[in-house]
Amino acid sequence: MYQKNITPLIQSLLLATVLASGLIASACSAESSNTPILSNQSTAAEIYELGLAYYEGASVPEDDDKAFELFQKAADQGYAPAKHYLGIMYYEGLGVEQNYQKAFEWIEQAANQGYANAQFDLGVMYHEGIAVEQDEIKKLEWLQQAANQGYTDAQFNLGIMYHEGIGIEQDYPKAMQWYLLAANNGSFDAQNNLGTFYENGYGVPQDYDKAFEWYTKAADQGLDLAQLNIGGLYENGYGVPQDYDKAFEWYQKAADQGNQQASNRIGRLVMNGKIDDKGIIIYSTQETGLTLGDIEKMSQ
């Protein structure tokens, strides 16, 4: 029986990556609309939209200096999304000298105005101790605020916190609640972790059918961990007929994405004579230090 794989809490912060969900959503809205032409009557929202266009290079040449200038104008009018982006630009050092303290200040202002994207990012900054002392209580408070507004990444991370007992008492039912909200919002990470809960009976009756269902939703979105976990169900015959060939098919999907554990499992299937190794791509196996090519030579 293999240990099931879950998607972990955000461990490190390259803010441009951690904030990606908010950035992408905003950027897509800018790309799908006509770039506004500013006038003296332009609203803060219009100024912000043009700033996004310059930030992303959508409909206009990418220009960080111009984006920063426009975000600053909109932020000076109190527009929370622009304040959030100013924080991002200060963090990244785009269009302005990098300054984590100013990044924190702008993101905090946007968060205090109820902007969910900024609330989540502020929670991450408290988690990482960026421009502020690490504070798990404040992290929880800000993630909770963002999650209550339906912010998927915050919902997922709250699920992890309750799942693992990070900064709070471990509580599987609460973790399940937050995972379910995030999963229904399309989070493949939450979908995978729900599968793990059902497979292991964490806070819910063990149910391999539901585990398979949630793993499949995540795997269909390309998540290698979910593909690995489906392979484990087939290899062990949990809720499905034991089928080493199907296990291999799912392991190969995960391995093709660079999942080393999936490669190791393929190696073990071959070594144990569970599958025909003809034509199998050679995968390294960390546990043995061998490749399938080595294994084949040893068996000749």
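Of note:
- Filtered residues of region 37-66 (kept if assigned to a helix (DSSP H, G or I) and either touching a strand residue (DSSP E or B) at 6+ places or on another chain (Cβ under 8 Å) or charged (D, E, K, R) (or both)): Glu46, Glu49, Glu56, Asp64, Asp65, Lys66
- Selection count, region 172-202, where residues are touching a Lys or Arg at 6+ places or on another chain (Cβ under 9 Å) and either open to solvent by 50 Å² or more (accessible area, probe 1.4 Å) or within 19 Å of Gln257 (Cα to Cα) (or both): 3
- Of all residues assigned to region 197-211, none qualifies as being within 21 Å of Ile137 (Cα to Cα) and under 19 Å from the mean Cα position of the chain (by Cα).
- Region 102-114 - residue that is under 16 Å from Leu140 (Cα atoms) and in contact (Cβ under 8 Å) with a residue 12 or more places away in the chain and, of those, surrounded by the most Cβ atoms within 10 Å (Cβ to Cβ): Ala111
- Hey, His84 crowded, with 24+ Cβ neighbours inside 10 Å and under 24 Å from Phe188 (Cα atoms) or not: no
- Matching residues in region 129-163 - criterion: being acidic (Asp, Glu) and either crowded, with 21+ Cβ neighbours inside 10 Å or modelled with pLDDT of 95 or more (or both): Glu133, Glu141, Asp153
- Among the residues of region 45-79, those that are out of contact with any Lys or Arg (no Cβ under 9 Å at 6 or more places or on another chain) and of a type in the set (Gly, Ala, Ser) comprise Ala45, Ala53, Gly57, Ala58, Ser59, Ala67, Gly78.
- Residues of region 49-81 that are surrounded by fewer than 24 Cβ atoms within 10 Å (Cβ to Cβ), within 20 Å of Gly114 (Cβ to Cβ) and in contact (Cβ under 8 Å) with a residue 24 or more places away in the chain: Gln77, Gly78, Tyr79, Ala80, Pro81.
- Unmet criterion (only one of (1) part of a loop (DSSP other than H, G, I, E, B); (2) under 23 Å from Glu69 (Cα atoms)) for Ala110: (1)
- Residues in region 87-101 that are in a loop (DSSP other than H, G, I, E, B) and either among the small types (Gly, Ala, Ser) or crowded, with 23+ Cβ neighbours inside 10 Å (or both): Gly93, Gly95.
- In region 215-226, of all residues being more than 14 Å from Leu194 (Cα to Cα) and in contact (Cβ under 8 Å) with a residue 24 or more places away in the chain, the one that is most open to solvent (accessible area, probe 1.4 Å) corresponds to Gln221.
- For region 144-199, the set of residues classified as assigned to a helix (DSSP H, G or I), more than 22 Å from Thr216 (Cβ to Cβ) and hydrophobic (A, V, I, L, M, F, W, C) consists of Ala146, Ala147, Ala154, Leu158, Met161, listed by residue number.
- Among the residues of region 236-277, the one identified as surrounded by 20 or more Cβ atoms within 10 Å (Cβ to Cβ), of a type in the set (Ser, Thr, Tyr) and more than 21 Å from Tyr198 (Cα to Cα) is Ser263.
The values are calculated or read from the model by the stated rules, or taken from the named source; none is laboratory data. Computed from a prediction, not measured in an experiment: that's the story for all the values here. Ideal geometry is used to build each Cβ from the backbone, glycine not excepted, and the neighbour counts take in all protein chains shown. These area figures cover heavy atoms from the full protein model, side chains too; ligands, DNA and RNA do not enter into them. Shrake-Rupley method; radii C 1.70, N 1.55, O 1.52, S 1.80 Å.
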